[in-house]
1. How would the stretch 139-251 be classified by its alpha-carbon gyration tensor: rounded, prolate or oblate, with rounded meaning a/c under 1.5 and the a/b versus b/c comparison settling the rest?
2. Using a 10 angstrom cutoff on alpha carbons, build the Gaussian network for the chain and name the most mobile of F236, F151, F74.
3. Please report the net charge: other residues with Cβ closer than 15 Å to the Cβ of G105, K and R +1, D and E -1.
4. Of K108/K239; K215/K239; K64/K212; K109/K212; K64/K188; K188/K215, which pairs sit farther than 24 Å apart, going by alpha carbon to alpha carbon?
5. Measure off, as a whole percent, the carbon and sulfur share of the 1.4 Å-probe accessible area of the chain, all protein chains present.
6. Give me the net charge of V91's neighbourhood, meaning all other residues with Cβ under 11 Å from the Cβ of V91; Lys, Arg count +1, Asp, Glu -1.
7. Among bridges DSSP assigns within the chain, what percent are antiparallel (round to 5)?
8. Quick one: check the C-alpha center-to-center distance for the stretch 119-180 versus the stretch 189-263, whole angstrom.
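The values are calculated or read from the model by the stated rules, or taken from the named source; none is laboratory data. Every value quoted in this text rests on a predicted model; they were computed, and no experiment measured them. Ideal geometry is used to build each Cβ from the backbone, glycine not excepted, and the neighbour counts take in all protein chains shown. Accessible surface areas use protein heavy atoms only, side chains included; no ligands, DNA or RNA. Shrake-Rupley method; radii C 1.70, N 1.55, O 1.52, S 1.80 Å.
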Amino acid sequence: MKKFTITIIIATLSLMFVACSQKKGNKNGENSYKDINLQELPSTEEYFKMSDEEKVYLKQELSKIHIDDCEEYFAQEITEFCKDDNIAEFVNISIEQDDLTVVVGENKKPLTNRIFNIELKLKKSDEIGLKTAAEDFERSLYEYLNENIYFSSQAISAKIVTYYTDGGIAYTFVPDIFMMNNNSMVFKEQPELEYKAQTVAYNYCQKNENFKLQKFGIIPETNEFLIQYFVEEVYFGKKGKEYEESIENLDNIYEDIKDVILSDNAIKAYISENNLTDMRIVFVNGMINDGEMSFNIEL
């Protein structure tokens with residue numbers, strides 16, 4: 001009899017949930033998640049059942065949530081996650097907005113542009129294998145966070161650092177998060193002059209398919225004008241002489257890009273409007289020493 005009663009209660013709750021869901025949503029996806037807060041996030045399963053239109057609307061609403069509220073929310077989430085294991089404890093989280101990243105293969109910037117920086121500290125100091133434990137724990141934390149719809153839809157990059165009890169770094173985990181275009185991608189509305197200048201840098205990729213515009217814009221902290229390209233691995237060819245020549249040739253490609261960029265009127269107007277005095281052109285790939293090759297220009 002008890003089992004039968006529980007079954008009826010579960011069935012009744014399920015019907016109530018469906019009714020509430022139908023009342024909340026509509027076929028256009030509008031107003032379904034208007035003014036949503038972080039305590040009302042849909043599950044991953046619910047998200048994948050949404051139409052592309054609903055996903056777009058949800059991402060737009062999530063992007064409006066203040067970063068301070070997000071930091072407070074995720075600090076609590078990570079603290080609770082750490083309690084389930086005796087490996088590490090939460091130290092700090094900072095969430096920043098990235099206004100430089102360009103969607104791979106597109107001349108557009110994503111509206112979803114949050115950078116997550118998370119710090120943890122190991123609870124123990126006298127055991128062998130703490131570095132491996134820190135690595136495993138960080139990967140588990142990332143998997144946990146990726147189940148959160150805000151994180152999975154808004155994060156453009158993330159870094160998790162775990163410290164030893166004495167302050168040294170035990171492990172740093174930087175997951176690969178690629179902003180690829182799809183039907184539910186939401187793009188940022190850019191100022192006209194910025195977009196025209198960005199198009200000049202992007203058009204170089206159209207003529208040189210091994211280079212993808214990755215970042216474009218002004219670094220807020222330094223007011224430096226940054227143009228960054230990801231270099232496809234195929235560019236570097238085979239190891240040995242071919243690889244060495246490809247690295248040396250980046251100097252020539254830099255000169256070519258610099259000439260194209262600095263001779264364009266839209267770029268000149270962008271530099272003038274923003275009072276820019278320094279510019280940096282960067283090539284990025286793990287096959288380059290230190291992961292990148294950077295060229296500084298005084299304007």
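1. oblate
2. Result for the chain, Cα springs under 10 Å: F236 fluctuates most.
3. Details: positive: K108, K109, K207, K212, K215; negative: E106, E209, E232.
Its environment carries a net charge of +2.
4. Those over the limit are K108/K239; K215/K239; K64/K212.
5. Carbon and sulfur atoms account for 49 percent of the accessible area of the chain.
6. Working: positive: K121; negative: E89, E119.
Charge balance near V91 sits at -1.
7. Numbers: 30 of 45 bridges.
Once the DSSP bridges in the chain are tallied, antiparallel ones form about 65 percent.
8. Each part reduced to its Cα centre gives a spacing of 31 Å.
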